[in-house]
Amino acid sequence: MSITVERADLVRVRLPLQHAFRTSSHTKQHLDHILVRLTAGGGAVGWGECASPSDPYYGPESVDTCWPMLRDRFVPLLLGAEWTTPDEATATGARIRGNEFARAAVDMACWDLWTRVSGTSLAVALGATQPTIEAGVSLGIEPTLDDLLDEVARHLDDGYRRIKLKIAPGWDVAAVRAVRDRFGDITLQVDANGVYQRADTPLLRELDEFDLAMIEQPFQPADLMAHAQLQALLRTPICLDESIDAAATVDTVLHLDAARVINVKVSRLGGLGPAKQVHDVCRSAGVPVWCGGMHEFGVGRAANVALGALPGFTLPSDVSGSDKYYLEDVVDPPIRATAGRVPVPYDRPGLGHDVVEDVVAKYTVAREVICAS
Ligand code: OSB
Ligand code: MG
């Protein structure tokens, strides 16, 4: 079966948040992501999501860099090309370096299109085996420790079984201690998003006494040596997120013993194909992985659910129900966690969740159509 994409719609969608996000600089009431809708000759449609943050603080990309990369680079390379597998489709963009969030949107849309045309579910096509995935939540820095304790209590009440706390200088040991003291032996882990310096090693060692499931990305992404040196001092596993830009980096990380757990993200790695590769490398090395997220809308979230059901995903994910974040989502059926688990839609084609175009239209702030010339 061969597929040729003839048209791509880029849609910038702004979904209102359930609870405003506070960052160090401002408060956000909504998030903008780019949905990519591909139409093949014959009319079949596939959807992908670019879940880049608005600001280039997690990585170098932003929504505003992804849009022209999609419009002027990834989409024109794909349009008119004949392909038979998603890997062949995304190979059209292989010469482009970096820009993984933009690349991931096209990759995901090609997987959705391909599995819909072939009448299989994305989960089956990827080789997923788990009936449900374990949902976890990622909680941000709160104004006070009492606010944090309330947030943790609320999510435990909602059935989530694993809690991840964002930490940063000034919001680390005391926050972890407060949560441990109050909630006992829940599965607890922390994520620093690379904000500590090597000189903070004594402080990071203090976290070792709290039986954390892992410490995620303490140092900046390129500093694998610092992670290896810290891992040698800790009993708690280090997990890498931002550092893992490709399967090849996993080899280096494992060789250095710079981490003992890997966070696999479709968005950060440039799509489902490369994310599966990282899963496969870790699985054959016996290294546990879990599925991370970027606050995806339903399209990207559905891709995370399918990926997160692969057999090597043995640790709880950051994939929660989309109602944790959004008042209304773009897919039907909605993605929900029940008793801390999200079901995997093996019996539905493609992503397993259909995009509701009326909802997309309601929240669209920009749209551009690119056709094969
Ligand atoms: O580091 O895992 C991260 C969100 C934006 C940027 C970075 C990260 C995150 C999350 C969100 O932790 C997890 C989710 O999608 O719920
Ligand atoms: Mg992270």
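When the residues of the range 215-226 are filtered to those that are of a type in the set (A, V, I, L, M, F, W, C) and not in a loop (DSSP other than H, G, I, E, B), the one that is surrounded by the fewest Cβ atoms within 10 Å (Cβ to Cβ) is M225.
The set of residues in the range 330-348 being among the β-branched types (V, I, T) and surrounded by fewer than 21 Cβ atoms within 10 Å (Cβ to Cβ) consists of T338 alone. N263 fulfils the conditions (1) in contact (Cβ under 8 Å) with a residue 60 or more places away in the chain; (2) assigned to a strand (DSSP E or B) except for a single criterion, (1).
One line per residue, one yes/no per condition, for (1) β-branched (V, I, T); (2) assigned to a loop (DSSP other than H, G, I, E, B):
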{"position": "A213", "(1), (2)": "no, yes"}
{"position": "A228", "(1), (2)": "no, no"}
{"position": "A232", "(1), (2)": "no, no"}
{"position": "I244", "(1), (2)": "yes, yes"}
{"position": "R268", "(1), (2)": "no, no"}
{"position": "D280", "(1), (2)": "no, no"}
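Filtering the range 250-266 to residues that are closer than 17 Å to W290 by Cβ and among the polar types (S, T, N, Q) leaves only N263.
Considering only the range 39-50, I want to know if a residue exists there that is closer than 29 Å to P218 by Cβ and either outside the structural domain of G293 (by TED's automatic domain parsing) or in contact with a Lys or Arg (Cβ under 8 Å, 6 or more places away or on another chain) (or both). So that I can check it myself, show each step before the final result.
As a first pass, look at the range 39-50 and keep what is closer than 29 Å to P218 by Cβ: 49-50.
Now restrict to residues that are either outside the structural domain of G293 (by TED's automatic domain parsing) or in contact with a Lys or Arg (Cβ under 8 Å, 6 or more places away or on another chain) (or both): 49-50.
Within the range 39-50, one or more residues are closer than 29 Å to P218 by Cβ and either outside the structural domain of G293 (by TED's automatic domain parsing) or in contact with a Lys or Arg (Cβ under 8 Å, 6 or more places away or on another chain) (or both).
The strands (runs of 3 or more DSSP E) found wholly in the range 73-192 and carrying at least 1 residues that are in the same structural domain as I238 (by TED's automatic domain parsing), within 16 Å of ligand 2 (Cβ to nearest atom) and among the hydrophobic types (A, V, I, L, M, F, W, C) occupy 137-139, 162-166, 187-191.
Within the bounds of the range 245-258, is there any residue that is more than 18 Å from V287 (Cβ to Cβ), surrounded by fewer than 22 Cβ atoms within 10 Å (Cβ to Cβ) and more than 16 Å from ligand 1 (Cβ to nearest atom)?
Going residue by residue through the range 245-258, those that are more than 18 Å from V287 (Cβ to Cβ) are none.
The answer is no, given that none of the residues of the range 245-258 is more than 18 Å from V287 (Cβ to Cβ), surrounded by fewer than 22 Cβ atoms within 10 Å (Cβ to Cβ) and more than 16 Å from ligand 1 (Cβ to nearest atom).
Within the range 36-55, which residues are closer than 15 Å to E100 by Cα and away from ligand 2 (no atom under 16 Å from the Cβ)? Passing the criteria: V36, G48, E49, C50, S54. Selection of the range 1-54 for residues being exposed (fewer than 14 other Cβ atoms within 10 Å of the Cβ) and in a loop (DSSP other than H, G, I, E, B) yields M1, S2, T23, S24, S25, H26, G42, G43, S54.
When E368, E296 are checked against the criterion of being within 19 Å of A123 (Cβ to Cβ) and among the acidic types (D, E), E296 stands alone in meeting it. Within the range 263-315, the set of residues being over 14 Å from the mean Cα position of the chain (by Cα), within 15 Å of ligand 1 (Cβ to nearest atom) and β-branched (V, I, T) is empty. Checking each residue in the range 55-72 for being assigned to a loop (DSSP other than H, G, I, E, B) and free of Cβ contacts under 8 Å to residues at least 12 places away in the same chain picks out D55, P56, Y57, S62.
Filtered by the rule that a residue be of a type outside the set (S, T, N, Q), more than 16 Å from ligand 2 (Cβ to nearest atom) and under 24 Å from D354 (Cβ atoms), the range 308-324 gives A309, L310, G321, D323, K324.
The values are calculated or read from the model by the stated rules, or taken from the named source; none is laboratory data. Computed from a prediction, not measured in an experiment: that's the story for all the values here. A quick note on method: Cβ atoms are made from the backbone with ideal geometry, for glycine too, and the neighbour counts reach across all protein chains shown.
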